[in-house]
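First up is the structure itself, then whatever we jot down about it.
The values are calculated or read from the model by the stated rules, or taken from the named source; none is laboratory data. Predicted, not measured: the structure shown is a model, and the values here were computed from it. Cβ placement follows ideal geometry from the backbone for every residue including glycine, while neighbour counts extend to all protein chains displayed.
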């Protein structure tokens, strides 16, 4: 099915393309590859008058807002000190004045933020998602968007996870049930 997007009702939501996350190992493609495709999408969305949302994750300064459930596989090493620029967007994705910047404190970009409010005030009904990690921040945001009734497009080649198998599971098992999976090229064509 051909993808059609109305820029005035569409938001590109870029998940966690920040220095500390992009620098980590990723699969099935590198963080650098994901950023390159995200930059293409951001430029096209801005040029067509769509909404660009740049999301990054960081704990509050006192770190008391961090989730600490008992798990079999901890999300991060205990006592890990993050470098001062960890949450800074990568230089190629510097926010513009018209962009929405969302700071989240956990995996999903909707919980505890004003993302839903900002999208609804702009009349957005469709979100295009990309970023890192496919199976964590992107998937959590996508599940929340689905429950809020947004149409979704997942830009598969503008995403990566810690491992290719994690990425593949989300793309093949979760995303087809809650939206449409397309390539950067497909989304760019739909925005023309």
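This table checks each residue for (1) buried (at least 20 other Cβ atoms within 10 Å of the Cβ); (2) free of Cβ contacts under 8 Å to residues at least 60 places away in the same chain; (3) in a helix (DSSP H, G or I); (4) under 14 Å from the mean Cα position of the chain (by Cα).
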site: 95; (1), (2), (3), (4): no, yes, no, no
site: 112; (1), (2), (3), (4): no, yes, no, no
site: 119; (1), (2), (3), (4): yes, no, yes, no
site: 123; (1), (2), (3), (4): no, no, no, no
site: 127; (1), (2), (3), (4): yes, no, no, yes
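For segment 84-95, state whether one or more residues are within 20 Å of residue 134 (Cβ to Cβ), at pLDDT 95 or above and in contact with a helix residue (DSSP H, G or I) (Cβ under 6 Å, 6 or more places away or on another chain). For segment 84-95, residues within 20 Å of residue 134 (Cβ to Cβ), at pLDDT 95 or above and in contact with a helix residue (DSSP H, G or I) (Cβ under 6 Å, 6 or more places away or on another chain): present. Residues in segment 1-22 that are in a loop (DSSP other than H, G, I, E, B) and either within 16 Å of the chain's Cα centre (by Cα) or crowded, with 17+ Cβ neighbours inside 10 Å (or both): 5, 16, 17. Going by the structure shown, is residue 52 in a helix (DSSP H, G or I) and surrounded by 14 or more Cβ atoms within 10 Å (Cβ to Cβ)? Answer is no for this residue.
From the list 157, 116, 186, the one residue that fits, being at pLDDT 95 or above and closer than 22 Å to residue 101 by Cα, is 116.
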